[in-house]
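*Asks:* Take a look at the following structure, please.
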Amino acid sequence: MQFTKLGLLAGLALGALVAASPAMAQTVVKVWSIDGIDRPGIADTFSKEFNEQNTDIQIEYRAIPFDDLVNETLRAFATGNAPDIVSFDNPDFALFSSRGAMLDITDRVKASDVISKAQYFEGPLNSVSWDGKLFGVPKYTDTIGVFYNKDMFAKAGITEPPQTWAQFAEYAEKLTDSANNVYGATFSAKAGEEGTFQFLPIIQASGGSYNNVNTEGAAEVLDLWKKMIDNGWASKDVLTLGQWDSTGTFNSGNAAMAVSGPWEIDRMVEDAKFDWGVTLLPTITEGGERSSALGGFDWGIMSSTKHPDEAFKVLEYYVSQDDRLFPEFGNLPARGDIELPATGIEKKDAALKVFQEQLQYAQPRGPHPEWQKISKAIYDAMQAALTGQMSAKDALDQAQATIKGIVG
Amino acid sequence: MTRPYVPWFLLAIALALAAVYLFPLYWMYVTSMKSGSEIFANPPTFWPVDPDMSIYPSVWVRRTMQTYLWNSVLIASGVTAITVILGTGCAYVLARYRSGWIDFGLFMILMLQVLPASVMITPLFVGFNQIGLLNLPRTAVVLAAAAKAMPFFVVLVRATFMSVPRELEEAALVDGNSRVGAFFSIVLPLARNGILVCAILTFMSSFGEYIYSKSIIQDGSMQPASVGLSGFLGPNSSDWNSIMAYSAIYVTPILAVFVLLQRRIVSGLTSGALK
Amino acid sequence: MARIFNSMRDGIGFDLILVGAAMVFLLALAGLPLVYNILMSFQQVDMFTLGELFRPLAGFTNYVAVVNAPEFWLVTRNTLIFVFASMAGQFVLGFSLALFFAQKFPGAATIRGLFLVSWVMPGLVVGAIWSWILAGDFGVLNTILKAMGIIEAPIFWKSDPNFSIWAVVIANIWLGLAFNMLLLSVGLAAIPRDLYEAAELDGANAFQRFWTITLPMMRSTIGAVLSLGLIGTLQQFDLFPALTEGGPANTSNVAGYWAWQMSFKLYDFAKGATISVMMFVLVLIASVVYVRSTRHEVRG
C-alpha cells in the first residue's frame, strides 16, 4: 500500500511542479554545478539573481556533489536529459569538449561585448580549448603554494621559507618535533586527483609534462618526499589525507608547513592560533623553473541544448559578475583585468599576493579527453614510490608506459 | 561451588564485549561534539574539552533534515512493501518443494546478485529513462532497491517456512481448503513472526540506501538522508563535525526504535518464529 | 479456462504465480542490467552510446586489457584477502557471540540485541566513523593500543601498504558481525534441546557435542550465512571511498571498487563492466555453496 501511496505522492509532486512553472513563453535554461550544496556558492547565487531580473529566460538550477557531477552529466547526455549549461572541474572539461558534447562558442565569444578571450590567463583558457576552438569560459581559478608556521620557523631558527625541495626536506627535519606530535611538513599524496594536483607541478618544473612524466628531477623530489615520510618528518597519512584534512593538521599546530591552496585561507584565519605565511611552491634546483597546479572550474554550454542563444546570454551574465568572485566567495577570477580589493585582513591579503604570483606559473592538467586515466597513472606511480613498492624511477617509468598507451 | 556466580560472570563478559562493539557508535557522538581543530588533536580526547551540542540544531536546520529523513522513511517503506509482497510467496514455494527446479530457482536468485549496485546503476538509469520512470524518481529507487533486498529476504523467510510443519498444511488441504486458503489461513499466520522480523530488517537496511538514490533522484527535496550526507563532502572541504552530527541525527532515531524493538526482533527470530 | 483458474487457486498454478511474480521482477531489475553489463564488456563504449544496447564490438580486448593492467594481480590478491578475511572474521566472531549468548545469564537477550546495531548503520556512516578511528596520528585505535602497550609507534592503518587492506577488513567485520550473529543465533535456537541432553547422558563433552550435534544441525544455516556473506562482501562499496579509496598504490583496491573506479572515476564503462563480469566467478561459488547447503535442511 505504501508503494501506491508513494507513486501517488510522486505524481502529485510532479503535477505541482508543472503547475508552478510559468505559463508564458519563457525559455528555461538548465544549469548544473557543484555550488550551493552546503553554503551559497557562485552558480546558485548568480542564477537566483538572474531569475529575479525577470527576463524571458529562467534558469533552472541544480546542485550536484563534486564526485557525481561528471557521471550525472555523462548519463544525462547519453539519455537526452542533459542540462544546457554545466560547470566542470577544469581537467574534466576535455572529456566533453573533445567528443563534441560541448557547444563551440568561438564565434559567439568573438561577437560578445561581455566575454573576450584576451582577458583570460593562458592556463585556464587552454582547459576550455580543444582543437583550436573555444568550448567554454573559465569560471574561476586557483593554485597551490606552501603555507608555513612562522612561529615554528622562528623557534627552529629558520628565517626564510624554503626555496627548493631539498631545502623543504631539510627544514622539515629541523621543524619536526615528535615529542609534541609536530611534523615538519604535510601535503596530499592521496590516491586521487588531489594527489596528481600536488605532484604534477613537480614533473612540470623538472621539464616534463603530463605525457612525459619520468624525468630525473621528478624522481629526485619523489625520493625526497619518501625520505620525509620514512623519517617521520611528514605523516604517513599524507597518502590518504585530502588537501583540506592535511591542512587541518597544519592549522591545529601538528605540522609546520603545508602544501595547499587559497581555499584554505578563510579557515586558517579563523582556526590557526599562530603567525603564518605563504610562499611559492619550491623549485627543484636553486632558481630553477617554476610551476604550479591549475585548479578551478569552467563553464560550458552542452551541444545538445535547444536554446544556444539563451544559454549564451546566461553565460554572459555569469561572466559579467566576475568581479564579485573574490570578495563574496573567496575564489580567484581566471582573468587579469580584475583588481582584487584588499580585505583588510593582513595575512589574507599577503597570502593572496603570493597566490596571484603563483598563478602565473600554473599549468593545466591536460587538456586530454582521457585525463582521469593519465591522472591515475601519475598518482599510482607516486604512491608506489612513496610506499616503497618500486623505486621512484621505476614507478615513473611504468606510469610513462601506461600514459603512452593512453595518449598514443 | 562457584556455580551461582557463573551467570554474573557471563554477564560481565557480555557487557565488556558490548562496550568494545559499541565503541564506534560512541566515537561518532563524541566526535560530533568536538571543535574543528580538536578532532585533529593528537592524542585524541576521549571526551570533548568543550562539548558543543549546538551543532545538532544547526545541522538539522541547515540541511533541512526533516525532508531527507521523511524521504528515507518513504523509500524504506516502499522497498519493504514490495519485498514482503513478492518475496514471501516466492520463499514459500521454494520451501515447499524439493527438486531440481527449486535448486535452479534458488541459484538464480543468488546469481542475479552478481553485480554491485554501483555497476547496475547505469543500465537501470537507462532503462528507467526509456519507460519514463525517471519522472517518478522515488518509485524508481524503490523498485531498484527492492530487487537488491529480495534475495536476503527470500533466503531468510524460506527458512521460516521450512520450519512450519508440513502436516498442518496438508491437514488443512484434506479438510477441504484450497491451496490459496491453506496458504492464507494456516501457513502465513504460522510464519508471521519470522516474516515480520525479516521485514523490519529489510526496512532498516534500506533506510541507508545510497547508490541508487543519489543517481536517480535529482530533486533535492526527494532525496533520502544518505544522499544528504554525501553533500558534505566537497572538493576542498569536508566539515567533519557536521558530518558526524548529521550521521548521529540520521542513525539515532532508527537506533532508538531498534533498541525498543530489539527484544522482539531477537526473540521473534530465535525462539519459535523460525522453528 | 476454468481449469487454469482452478489451478491458480488450488494447484501448481498457485505456486507458479507466487514464484513467477518475484522472478519476473528480479529478472527485469537485476537480470537485464546483468545482460547489459555482459554485453558492454564485449563492446566499445563511449558517452554517446552509453544509452544504447548495440555498440561496436570489441571482442575480448576489454578482458585482455583488464588482465594486463599493472594492478590486476594486486587487486585479485586484495579481493581474495578482503573476501576471505572478512568472512572468516565475521563468521568466527559471529558464531562465537551466537554461542556465547545462547548461554543462560541475566540480560542475555537484551545485550545480544545491542549487537545488531551495525545492521542498521548505513555503510557511508560506518566508513566515516572508522576512518577517524583508524587515522594514524589522531586516530583513537592507535592511542588505545599504545596505552595497552601493544604497539610502540602508531600504525598507519590507512596509509601503510601492509595494513591498508586490513583497515577495510576490520571495518567490514564490524559491519557484518550483526548479520552473522543474528542468523547463526537463529540456527542455534532451532536445534532441539533434547539432542544435547541425550548426548550429555552418553557422556559427550562440550566439544564433542558441538562437533557432532551443533555443526551438523547448522549446516543449512551456515550455508546460507556464508553464501549471503560472500555476496555481501563482494558488493561492499561504501567503506572504500570513506577509508582508503583503494590506496595507497592500490594496496587496498578490490574488484568491486576497481570496477566502480573504472566506470565512474576513469569513465571507462566497458572495462568497469568487464571487471564486474569477472566477479561472476566468485558469486557462482557462493550460489553453489548455498544451493548445496539446502540439501541438508530438515523440514519442520
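*Asks:* So what's the angle, to the nearest 10 degrees on a 0 to 90 scale, between helix A:42-52 and the longest Cα principal axis of chain A?
*Replies:* Once rounded, the angle reads 20 degrees.
*Asks:* Right, another one. Summing +1 for each Lys or Arg and -1 for each Asp or Glu, what net charge is found among the other residues whose Cβ lies under 11 Å from the Cβ of C:Arg209?
*Replies:* On the way: positive: none; negative: C:Glu197, C:Glu200, C:Asp202.
Around C:Arg209, the surrounding residues sum to -3.
*Asks:* Something else now. For region A:268-408, take N as its residue count and report Rg(C-alpha) divided by 2.2 N^0.38 Å. Show your work: numbers first, answer last.
*Replies:* Values: Rg = 20.2 Å, N = 141, 2.2 N^0.38 = 14.4 Å.
With N residues counted in region A:268-408, Rg over 2.2 N^0.38 Å equals 1.40.
*Asks:* What list of ³J(HN,Hα) couplings, whole Hz, do you get for region A:263-277 from phi and the Karplus terms 6.51, -1.76, 1.60, once you set θ to phi - 60° and write x for glycine and proline?
*Replies:* So the Karplus estimates, Gly and Pro as x, are 5, 7, 4, 4, 5, 5, 4, 7, 8, 6, 9, 7, 7, 9, x Hz.
*Asks:* For A:Phe147, B:Phe232, what ranking results if the residue with the fewest other Cβ atoms within 10 Å of its Cβ goes first?
*Replies:* Numbers: A:Phe147 27, B:Phe232 21.
Ranking A:Phe147, B:Phe232 by Cβ neighbours within 10 Å, fewest first, gives B:Phe232, A:Phe147.
*Asks:* Could you state the number of Å between the C-alpha centres of region C:175-198 and region A:23-87?
*Replies:* If we compute the Cα centre of each part, the gap is 54 Å.
*Asks:* Taking the Cβ of B:Thr88 as the centre, find all other residues whose Cβ is under 14 Å away and add up their charges (Lys, Arg: +1; Asp, Glu: -1).
*Replies:* Working: positive: B:Arg96, B:Arg158, B:Arg192; negative: C:Asp15.
For residues surrounding B:Thr88, the net value is +2.
*Asks:* Another question, if that's okay. Work through the residues other than A:Pro201 whose Cβ is under 15 Å from its Cβ and net out their charges, Lys, Arg +1 and Asp, Glu -1.
*Replies:* Working: positive: A:Arg290, A:Arg365; negative: A:Asp142, A:Glu193, A:Glu194, A:Glu220, A:Glu289, A:Glu357.
Combined, the nearby Lys, Arg, Asp and Glu give -4.
*Asks:* Which of A:Thr215, A:Thr79, A:Thr164 moves the most in a Gaussian network model of chain A with Cα springs under 10 Å?
*Replies:* With Cα springs under 10 Å in chain A, the top fluctuation among A:Thr215, A:Thr79, A:Thr164 is at A:Thr79.
*Asks:* Residue by residue through C:231-238, how many Cβ atoms from other chains fall within 10 Å of the Cβ on average? Each step should come with its number before you reach the end.
*Replies:* Numbers: counts 7, 2, 0, 4, 9, 1, 6, 5.
Mean number of neighbouring Cβ atoms from other chains: 4.
*Asks:* Can you tell me the orientation of helix A:346-359 relative to chain A, as the angle in degrees between its alpha-carbon axis and the longest Cα principal axis, to the nearest 10?
*Replies:* The helix A:346-359 is inclined about 80 degrees to chain A.
*Asks:* Further question: Remind me, relative contact order of chain B in percent, using alpha carbon pairs under 8 angstrom and six or more residues apart?
*Replies:* Computed value for chain B: 31 percent relative contact order.
*Asks:* Have a look at A:Lys306, A:Lys139, A:Lys190 and tell me which one the Gaussian network model of chain A (Cα, springs below 10 Å) gives the largest fluctuation.
*Replies:* So, out of A:Lys306, A:Lys139, A:Lys190, the one fluctuating most is A:Lys306.
*Asks:* Determine the alpha carbon to alpha carbon distance for each of A:Lys174/A:Lys353; A:Lys48/A:Lys110; A:Lys155/A:Lys236; A:Lys226/A:Lys404; A:Lys30/A:Lys139 and list only those over 23 Å.
*Replies:* Working: A:Lys174/A:Lys353 28 Å; A:Lys48/A:Lys110 27 Å; A:Lys155/A:Lys236 25 Å; A:Lys226/A:Lys404 26 Å; A:Lys30/A:Lys139 17 Å.
Listed pairs above 23 Å: A:Lys174/A:Lys353; A:Lys48/A:Lys110; A:Lys155/A:Lys236; A:Lys226/A:Lys404.
*Asks:* What are the GluC sites (Glu not before Pro) within region A:332-374 that DSSP puts in a loop, where the Cβ has at most 15 other Cβ atoms within 10 Å? Let's see the in-between values first.
*Replies:* Details: sites: A:Glu339, A:Glu346, A:Glu357, A:Glu370; in loops: A:Glu339, A:Glu370.
Passing sites in region A:332-374 are A:Glu339.
*Asks:* Now for a different question. Per-residue mean of other chain beta-carbon atoms within 10 angstrom of the beta-carbon, peptide C:96-106? Please report the intermediate quantities before stating the final value.
*Replies:* Details: counts 1, 3, 1, 0, 4, 5, 1, 5, 3, 9, 5.
The shielding value for this peptide is 3.
*Asks:* In addition: Enter the Cα centre distance for the pair region B:167-209 and region A:88-113, rounded to the nearest angstrom.
*Replies:* For region B:167-209 versus region A:88-113, the Cα centre distance is 60 Å.
*Asks:* Along the three principal axes, how long is chain C when you take its alpha carbons, biggest first, rounded to the nearest angstrom?
*Replies:* Each principal axis gives a Cα extent; for chain C these are 79, 71, 29 Å.
*Asks:* Determine ³J(HN,Hα), in whole Hz, for all residues of region B:68-78 in sequence, where each value follows from phi through the Karplus function 6.51 cos²θ - 1.76 cosθ + 1.60 and θ = phi - 60°; x replaces Gly and Pro.
*Replies:* Calculated HN-Hα couplings, in order: 4, 5, 4, 4, 4, 5, 4, 5, 4, 5, x Hz.
*Asks:* Further, regarding this structure: Taking neighbour counts of Cβ atoms within 10 Å as a proxy for exposure, in what order, fewest first, do C:Ile12, B:Ile121 appear? Mind showing how you got there, number by number?
*Replies:* Values: C:Ile12 12, B:Ile121 23.
Starting with the residue having the fewest Cβ neighbours, the order is C:Ile12, B:Ile121.
*Asks:* Sticking with this one: Please report, for the Cα atoms of chain B, the Rg to one decimal and the Dmax as a whole number; what are they, in angstrom?
*Replies:* Rg, Dmax (Cα atoms, Å): 23.1, 74.
*Asks:* Report, in order of residue number, the helices in chain C meeting two criteria: a C-alpha extent of 18 Å or more along the helix axis, and a mean Kyte-Doolittle hydropathy of at least -0.5; treat each whole DSSP H run as one helix.
*Replies:* Working: long enough: C:12-26 (21 Å, 2.37); C:72-101 (42 Å, 1.56); C:164-189 (38 Å, 1.91); C:215-235 (29 Å, 1.14); C:280-293 (20 Å, 2.16).
Result, helices passing both filters: C:12-26, C:72-101, C:164-189, C:215-235, C:280-293.
*Asks:* Would you mind giving the three semi-axes, in whole Å and largest first, of the ellipsoid equivalent to region B:25-149 according to its Cα gyration tensor?
*Replies:* Working: eigenvalues 360, 88, 45 Å².
After scaling each eigenvalue by five and taking roots: 42, 21, 15 Å.
*Asks:* Another one. How long are the semi-axes of the equivalent ellipsoid of the protein assembly as shown, defined as square roots of 5 times the Cα gyration tensor eigenvalues? Whole Å, largest first.
*Replies:* Values: eigenvalues 509, 244, 130 Å².
Taking √(5λ) for each eigenvalue gives 50, 35, 25 Å, largest first.
*Asks:* A further question follows. For region C:180-300, report the translational diffusion coefficient in µm²/s to the nearest whole number, using Stokes-Einstein at 37 °C, 0.692 mPa s, and a Kirkwood Rh over Cα pairs. Before the final figure, lay out the partial values.
*Replies:* Numbers: Rh = 17.3 Å.
Diffusion coefficient, whole number: 190 µm²/s.
*Asks:* For A:Glu49, B:Glu38, what ranking results if the residue with the fewest other Cβ atoms within 10 Å of its Cβ goes first? Before the final figure, lay out each step's value.
*Replies:* Details: A:Glu49 12, B:Glu38 18.
By the 10 Å Cβ count, ascending, the order reads A:Glu49, B:Glu38.
Throughout, read-outs are computed from the coordinates displayed, never taken from laboratory work. Keep in mind that this is a model prediction, so the values were computed, not measured. We place every Cβ from the backbone using ideal geometry, glycine too, and count neighbours over all the protein chains shown.
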